[in-house]
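Notes for the one structure printed next.
The values are calculated or read from the model by the stated rules, or taken from the named source; none is laboratory data. Keep in mind it's a predicted model, so treat the numbers as computed, not measured. Don't worry about glycine lacking a Cβ; one is built from the backbone with ideal geometry, like all the others, and counts go over all protein chains shown.
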Amino acid sequence: MSIARFWRETGRRYNLGASRCTVCKTVYFPPRSVCPSCAQHRRSLGKLTPLQLSGEGEVVTFSIIHDAAEGFEVQVPYVLAIVRTKEGPQLTGQVVDIDPKEVRIGLKVHATFRKLREEGKAGVIHYGYKFSPTTGPDDGPGRPGRSEPVAATATAEAGPVRA
């Protein structure tokens, strides 16, 4: 990716920005300009409003990866999960700061801003969201995270997912 393109996409890339249809109230991540849920798509044109996702959610399903793709070999085993955000959309991301054996369906998590990769030793560093357990009364003992929850600072690299 070129440096110019990287900087142009920074605002979109480092936010959990979504959109909400004012007609049917469906929330989309990443944002859309037309609502596919509305019976007449044209009615939704110009009626989707920006929405910032909180990053709070819970694990819907997950998989523990033991045979990693190229570039992720040092992270095995690691957990990839589908997380339903409290606003509705489901995001795919890695669950960190927890032993993979402790991850379970229903685990409360929050988005955290982390380094994903870098292009060569002197290249562009790519950051994005991962999910870290939320410490609460029903979540067991606290697990210290390496970064703060990010409602406004995470990437939108996941594909389009409807609520």
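Ile64 fulfils the conditions (1) out of contact with any Asp or Glu (no Cβ under 7 Å at 6 or more places or on another chain); (2) surrounded by 15 or more Cβ atoms within 10 Å (Cβ to Cβ); (3) assigned to a strand (DSSP E or B); (4) at pLDDT 95 or above except for a single criterion, (2).
Every residue, every condition in (1) closer than 19 Å to Arg114 by Cβ; (2) in contact (Cβ under 8 Å) with a residue 24 or more places away in the chain; (3) under 19 Å from the mean Cα position of the chain (by Cα), yes or no:
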| residue | (1), (2), (3) |
| --- | --- |
| Gly46 | no, no, no |
| Gln75 | yes, no, yes |
| Tyr78 | yes, no, yes |
| Gln94 | yes, yes, yes |
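Within the set Arg104, Arg20, the sole residue that is outside any strand (DSSP E or B) and under 26 Å from Thr134 (Cβ atoms) turns out to be Arg104.
For region 95-118, a residue qualifies if it is within 16 Å of Ile65 (Cα to Cα) and touching a Phe, Trp or Tyr at 6+ places or on another chain (Cβ under 6 Å), and the qualifying residues are Val95, Val103. Taken as a whole, the condition of being in a strand (DSSP E or B), modelled with pLDDT of 80 or more, in contact with a strand residue (DSSP E or B) (Cβ under 6 Å, 6 or more places away or on another chain) and not assigned by TED's automatic domain parsing to the domain that holds Val23 applies to Arg84. Exactly one residue out of Ser19, Ser44 is in contact with a strand residue (DSSP E or B) (Cβ under 9 Å, 6 or more places away or on another chain), polar (S, T, N, Q) and under 30 Å from Leu107 (Cα atoms): that is Ser19.
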